[in-house]
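Right, one structure below, let's go through it.
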Amino acid sequence: MGMTQWWQQANFYQIYPRSFLDTNGDGIGDLKGITRKLDYLKDLGIDAIWLCPVYDSPNDDNGYDIRDYYRVHQEFGSMKDMDHLIAEMNARNMKLVMDLVVNHCSDEHEWFQKARVSRDDPYHDYFIWHPGRNLDEPSAPGSPIPPEPNNWASHFRGSAWEWNEATREYYLHLFSRKQPDLNWENPAVRQDIYKMMRFWLDKGIAGFRMDVINYISKDPDLPDVPARDGQRYVHDSRYYANRERTHEHLQEMHREVLSKYPECMTIGEMHQTPVDEGIRYVHPDRRELSMIFQFEHLGIDNGPGGKYDLPVSWDLPRLKQTLRTWQEGLSGKGWNSLYTGNHDQPRMVSRLGVTDGKKMRRRSAKAIAASFLLMQGSPFVYQGEEIGMTNVAFPDIDSYRDIETLNYYREAVSNGLSESKALRVVHLRSRDNARTPMQWSPDAHGGFTTGVPWISLNPNYPDINVRNESRESDGVHTFYRSLLHMRRNDPIWTQGTCEDLAPEHPQIIAYARRMEDGSVVYVVVNLSTRDTSWDVPAELADACANGSVLLASPTSSEEETSLTKLLPMQVMVISPLPSGSTS
Ligand code: TEU
Ligand code: CA
């Protein structure tokens, strides 16, 4: 793969700014709050931050609907605060990765405001329009509104098309109706986006996380997708995900922008993307992206109806197979990212772990971290994971804020699901599970705000918070900190390949990270709530007898542990070298 890049060795941390830290008492996290916590992040072992959108926005989708790409939303602070944040990060040798949301913008963006008025406006062609089903020309003013052009569903429910009376056309929105999709076939759109990217890169940011970037090209025929269980609008990414044109657009973006900033990194959000397609985005010869977020491992407990279906029991061999597919598939061909959650996902500790009882919650959070974040790739820690924050179960729907959650609930109830059943699904699957404020301390509102938080805290904050999890030796924060520092201290964690040592075992994740020179480290996790035993491979038994333990949970001072009979959620990271020797 050639020389190691900074982003291959970096530990990343994702910040959802609205919920991180509020410094002026308005109940909304802000840029000053992030600056204030840089030392906290540095100490945790973080090298770079992915910051979710902080641009000016009407907040229909909490900032993923951008009104002005060149302005900081006033509720987060000012451009001065942004420059200050970047300067303070530079002073600590930390890098900032901004969210690039260019599949769509807000309907309140100047482009759309102009576009929607007249078909003759130059901005009209910045968006994707259609006069209606089977029509080539807009129908006469005053005539009935024609049916939608096709049966595509919006990700946030209902049709992906919204009628615009002024031009007698529909516009496409894969997300909310306040997020019109941009027309990437128009070169002027692309040039405006590149200009905006240069503006931010010139400010000194280190790169971009690219929101739904694999959706930017749509099939120009806009065909119906096959009907499913009598649904009026259907989800089917076939006609807008991973199209050949998307790769062409990304190569152009690389030529015109990214190649001019050789240190910069990019990571594309890639739903619906199998590994062979993933390679095409990240293979260095193709000059598209540095890495991608794949989502296959996050679907393992989805019910048959997808994300908003009740979770089903998950299967460890299947999960390992997914992880292996990506580890082996990208090996030598591109770079992986490692992560277990983000601002759209329920908390992984609530999905794969046990969250009642302090001891098992802590062990579950650590077992999950060791299972996923020690493979090959760059780890991304989502805020709160480092203290084992869990899902929340607010007692009524009015406590929820997320558009996707509220639309799901409304539709489910109107389709006849009882309110209590719909709320149960929300508890398990809502994006707000990840968006409750960061729990800093046992003080009021978890130390997040002195005012009224924009969304309530998880009521478990007096127990689960940074203060408790970092002061106690078996705290989750203590473990994450050790793990992240360990990763940074030995190039084997960056460069070593990943070999699955127990593919079929129903409870154990065990893998070896190997270098060409023969050096090796081992990761062993019992990712289950029961004791288990296994046939320890000879090389690993040897390493355990003669080498050293680099990281463990529980630690030997907490409980007696062994490698052959593993306790629930036990973690052992083992080097064949005796302690004190350097590799
Ligand atoms: O998410 C893309 C996306 O497809 C998710 O909305 C998905 O539907 C679900 O939440 C996860 O299963 C990105 C952003 O991460 C998300 O916050 C935005 O709402 C969305 O794009 C639109 O910009
Ligand atoms: Ca604030």
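Given 37 °C and 0.692 mPa s, compute D for region 503-579 with the Stokes-Einstein relation, Rh being the Kirkwood radius over Cα pairs; round to the nearest whole µm²/s.
The Stokes-Einstein estimate is 259 µm²/s.
How would 130, 73 line up from fewest to most surrounding beta-carbon atoms within 10 angstrom?
130, 73
Could you line up 532, 4, 450, 35 from fewest to most neighbouring Cβ atoms inside 10 Å?
Ordered from fewest to most neighbouring Cβ atoms within 10 Å, 532, 4, 450, 35 come out as 4, 450, 532, 35.
Among the listed pairs 42/95; 320/421; 95/203; 37/195, which have their C-alpha atoms separated by more than 20 angstrom in this model?
Going by Cα-Cα distance, 320/421; 37/195 fall outside the 20 Å limit.
So, with +1 on the Cβ of K and R and -1 on the Cβ of D and E, and no other charges, what is the size of the charge dipole of region 1-94 about its Cα centre, to the nearest 20 debye?
Its charge dipole is roughly 320 debye.
Hey, could you get me the Stokes-Einstein D for the chain, Kirkwood radius over alpha-carbon pairs, 37 °C and 0.692 mPa s, rounded to whole µm² s⁻¹?
Translational diffusion coefficient: 131 µm²/s.
Lys and Arg at +1, Asp and Glu at -1: add these up for the other residues within a Cβ distance under 15 Å of residue 187 and post the number.
-2
Note the per residue figure in Å³ for the convex hull of the C-alpha positions in region 240-321.
Dividing the Cα hull volume of region 240-321 by its residue count gives 117 Å³.
Compute the acute angle (0 to 90°) between the alpha-carbon long axis of helix 79-91 and the principal axis of greatest extent of the alpha-carbon atoms of the chain; round to the nearest 10°.
The angle comes out at about 30 degrees.
If each DSSP helix of 4+ residues adds -39,500 (n - 2.57) and the sum is divided by the residues in the chain, what number results at 222 nm, nearest 500 deg cm²/dmol?
That comes out to -8000 deg cm²/dmol.
In nm², what is the average projected area of the convex hull enclosing the Cα atoms of region 90-184?
The number I arrive at for region 90-184 is 8.1 nm².
Amide H neighbours of residue 551 under 5 Å, counting only residues 5+ apart in sequence or on other chains, H built in-plane at 1.01 Å?
573
Per-residue HN-Hα couplings for region 20-26, Karplus 6.51 cos²θ - 1.76 cosθ + 1.60 at θ = phi - 60°, whole Hz, x for Gly and Pro?
Per residue, the Karplus-derived 3J(HN,Hα) values read 8, 7, 9, 10, 10, x, 8 Hz.
Report the gain in length on full extension from residue 228 to residue 415: 0.36 nm times residue separation, minus Cα-Cα distance, nm rounded to one decimal.
Full-extension gain reported as 65.7 nm.
Kindly provide the Kirkwood hydrodynamic radius of region 1-151 in Å, to one decimal, from all pairs of distinct alpha carbon atoms.
With all distinct Cα pairs of region 1-151 included, I get 18.4 Å.
Going by amide H atoms built from the backbone, whose H comes under 5 Å of the H on residue 71, apart from near neighbours?
56
When ranked by the protection proxy of mean other Cβ atoms within 10 Å per residue, highest first, what sequence do the peptides 392-399, 495-502 form?
Packing proxy ranking, top to bottom: 495-502, 392-399.
At a Cα cut-off below 24 Å, give the lysines reachable from residue 359, other chains included and same-chain residues fewer than 8 away excluded.
Leaving aside lysines fewer than 8 places away in the same chain, those within reach of residue 359 are 565.
List the residues, sorted by chain then number, that are 5 or more residues from residue 210 or on another chain and whose placed amide H is less than 5 Å from its amide H.
100, 267, 268, 269
Charges on Cβ only, +1 for Lys and Arg, -1 for Asp and Glu, centred on the Cα centroid of the chain; of 548, 360, 258, which one is farthest towards the dipole's positive end?
In the chain, that residue is 548.
Assign unit charges at the C-beta atoms only (+1 for Lys and Arg, -1 for Asp and Glu), then state the dipole size of region 138-251 relative to its Cα centre in Debye, rounded to the nearest 20.
400
Would you mind working out the magnitude of the charge dipole of the chain relative to its Cα centre, with +1 at each Lys and Arg C-beta and -1 at each Asp and Glu C-beta, to the nearest 20 Debye?
860
Using the 2.2 N^0.38 Å rule of thumb for compact globular proteins, work out how region 143-183 stacks up: its C-alpha Rg over that value, please.
Dividing the Cα Rg of region 143-183 by 2.2 N^0.38 Å gives 1.11.
From the backbone phi of region 363-373, what are the Karplus-calculated ³J(HN,Hα) couplings (6.51 cos²θ - 1.76 cosθ + 1.60, θ = phi - 60°) in whole Hz, Gly and Pro given as x?
5, 5, 4, 5, 4, 5, 4, 5, 5, 9, 8
How are the C-alpha pair distances of region 402-556 spread across 5 Å bins, as whole percents from the shortest bin up?
Calculated P(r), rounded to whole percents: 2, 7, 11, 12, 12, 12, 11, 12, 10, 6, 3, 1, 0.
Among 417, 423, rank each residue by its count of other Cβ atoms within 10 Å, from fewest to most, as a rough exposure measure.
Arranged by neighbour count, lowest to highest, 417, 423 become 417, 423.
Give a residue-ordered list of calculated ³J(HN,Hα) values for region 100-117 (Karplus: 6.51 cos²θ - 1.76 cosθ + 1.60, θ = phi - 60°; whole Hz; x for Gly, Pro).
Karplus values, whole Hz, x for Gly and Pro: 10, 10, 10, 6, 8, 10, 7, 5, 8, 5, 3, 4, 6, 4, 6, 4, 7, 7.
State the answer as a single residue: which of 495, 227, 468 lies farthest towards the positive end of the charge dipole of the chain, with beta carbon charges of +1 for Lys and Arg and -1 for Asp and Glu, about the Cα centre.
Of the options given, the answer is 468.
Quick note: the coordinates plus some simple rules give every number you see, no bench work behind them. Values in this document were obtained by computation on a predicted structure and should not be read as measured data. Ideal geometry is used to build each Cβ from the backbone, glycine not excepted, and the neighbour counts take in all protein chains shown.
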